[in-house]
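Okay, structure first, notes after.
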Amino acid sequence: TDFEEKDKNTLAELEAARDMPYISRFCQYNTYVNFILGNMQEAEKWNTKANDYIFASLSDFSLPDHYLFKALILVHKWKDAADEERVQMKETLLDIRKKMENWKENCPENFAHKYYLLSAEIAMLENQYLENVVGLFNRAMESIGNDDYIQYKALTNELCGKMWMERGVETIAKAYIREACYLYR
């Protein structure tokens, strides 16, 4: 499509300019947008491409974002993965959660929401009690300040809403999805 061609051209221009931090961000933003739009194959493609440039953002907040979306993509792929694939996926998810936990412990204001969001998603994969999963989603939302990380508050509401929808509790699901839409706007 035209959009893909523009992204391809922009990436080529950035690579020609050797602007590594911006390339890293560009790939991460494309990961985020495609994830939100439900284009998981594109999100995974951009996240994988970001791996080539992630070294350029080691002193930046984008490194935790990169790992969070890498993990969320793995969670999305979980249902269709073979058992032997899930073993490696689970190891990667737990490794990423450990990184998130370290960042959370060092600066909860910036990273707690990411840790709790990922923990909620992993808890669902582990078939933990619903009360625990909901508690983790709530902690993710509560750990975000009123005007901070609004995009993550939206994402957390959306993923929590999808969790309720999968359980057939449409009334609660719609409330979370509505809140996500409001926050995305």
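The values are calculated or read from the model by the stated rules, or taken from the named source; none is laboratory data. Since the structure is predicted, the reported quantities are computational estimates derived from the model, not experimental observations. Every residue, glycine among them, receives a Cβ derived from its backbone with ideal geometry; neighbour counts consider all protein chains shown. Quick note on the areas: whole protein, heavy atoms, side chains included, nothing else; ligands and nucleic acids left out. Shrake-Rupley method; radii C 1.70, N 1.55, O 1.52, S 1.80 Å.
See the values below:
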item: Straight-distance crosslink candidates among lysines, where the alpha carbon sits under 19 Å from residue 99 and sequence neighbours closer than 8 are dropped; result: 70, 90, 114
item: Accessible-area composition of the stretch 15-96, carbon plus sulfur, in percent [1.4 Å probe]; result: 53
item: FRET efficiency, 1/(1 + (r/R0)^6) with R0 30 Å, evaluated for residue 150 and residue 12 via beta carbons; result: 0.40
item: Of 6/49; 8/162; 8/174, pairs whose Cα-Cα distance is over 26 Å; result: 8/162; 8/174
item: Two-decimal Rg/Rh across the chain, once Rg and the Kirkwood Rh are taken from alpha-carbon atoms; result: 0.97
item: Dipole magnitude of the stretch 76-179 about its Cα centre (Cβ charges: Lys, Arg +1; Asp, Glu -1), debye to nearest 20; result: 120
